[in-house]
Each structure stands twice: as C-alpha cells, then as structure tokens.
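A.B. asks: So that we are looking at the same thing, I have put the structure below in structure tokens.
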Amino acid sequence: MVNMTLSIPDDLYAAMRKHSEIKWSEVARKAFERKVRTLDVMDDLLAKSELTENDAERIGHKIKGDLRKRFK
C-alpha cells in the first residue's frame, strides 16, 4: 500500500485530535474511494455522450442566464 501525506488547516487538525478514537486514515481512504467511484461513473456517462465541449458550455451559459432571470 502507498503512503500519502496531506496538508490540512490547523483548526481542522485540532478538531480531529479531539477524536483520537477515529482512524482518520480510514476516513480519508473511504472518501477517496467514493470520489473515484463517482468520477468513474461520470467517465462512463461521458464516454457515451455525443455532446461536444462547446455544446456543454453553451448549455451551461443558457442555464445560468435562465437562473439569473428567474432569481432576479
């Protein structure tokens, strides 16, 4: 297994130290696994997509514009 070093803010570290019963490396490992699974699903969905990057950008701009009008 590979070791990884993470940088976290001091206040987060202090809060984590209050809960020394938690295996923080396991928490991080599970979070990494969840994120990778999510990215794998996204990759699978996008692999079948016929949308181009320009199409996605155009749709995104339209949605943002519609939201701006709706919540003005």
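A.B. asks: Which lysines, if any, have their Cα less than 24 Å from the Cα of LYS48, not counting same-chain residues under 8 positions apart?
C.D. replies: The qualifying lysines are LYS35, LYS62.
A.B. asks: Give the lysines whose C-alpha is closer than 23 Å to that of LYS18, dropping any in the same chain fewer than 8 places away, or say none.
C.D. replies: LYS30
A.B. asks: Once phi is turned into ³J(HN,Hα) by the Karplus curve 6.51 cos²θ - 1.76 cosθ + 1.60 with θ = phi - 60°, what whole-Hz value does each residue of the stretch 3-17 show in order, with x for glycine and proline?
C.D. replies: So the J values, rounded to whole Hz, are 9, 9, 10, 10, 9, 9, x, 4, 5, 5, 4, 4, 5, 5, 5.
A.B. asks: A further question follows. Multiplying the sequence separation of GLU33 and VAL2 by 0.36 nm and subtracting their Cα-Cα distance, what value in nm do you get?
C.D. replies: Values: separation 31, 0.36 × 31 = 11.16 nm, distance 1.43 nm.
Answer, rounded to one decimal: 9.7 nm.
A.B. asks: Using a Förster distance of 30 angstrom, determine the FRET efficiency expected from the C-beta separation of LEU67 and LEU12, and round it to 0.05. Walk me through the numbers before you get to the answer.
C.D. replies: Working: r = 32 Å, r/R0 = 1.08.
It comes to 0.40.
A.B. asks: Excluding same-chain residues fewer than 8 positions from LYS23, which aspartates and glutamates have a Cα within less than 16 Å of its Cα?
C.D. replies: List returned: GLU33.
A.B. asks: In which sequence would THR5, THR38 go, from the one with the fewest C-beta neighbours within 10 Å to the one with the most? If you can, show how the numbers build up before the last one.
C.D. replies: Numbers: THR5 4, THR38 10.
Ranked by crowding around the Cβ, least crowded first: THR5, THR38.
A.B. asks: Sticking with this structure for a sec: Compute the Rg/Rh shape ratio of the stretch 24-70: radius of gyration over Kirkwood radius, all on alpha-carbon atoms. Present the calculation step by step, with values, prior to reporting the outcome.
C.D. replies: Working: Rg = 16.3 Å, Rh = 13.3 Å.
In the stretch 24-70, Rg relative to Rh is 1.23.
A.B. asks: Per DSSP helix of 4 or more residues, -39500 (n - 2.57); summed, then divided by the residues of the chain. What does that give at 222 nm, rounded to the nearest 500?
C.D. replies: Numbers: 3 runs with 50 residues, N = 72.
Per the formula, -23000 deg cm²/dmol.
Here, each number is a calculation from the coordinates, and none is a lab measurement. Source: prediction; values computed, not measured. We place every Cβ from the backbone using ideal geometry, glycine too, and count neighbours over all the protein chains shown.
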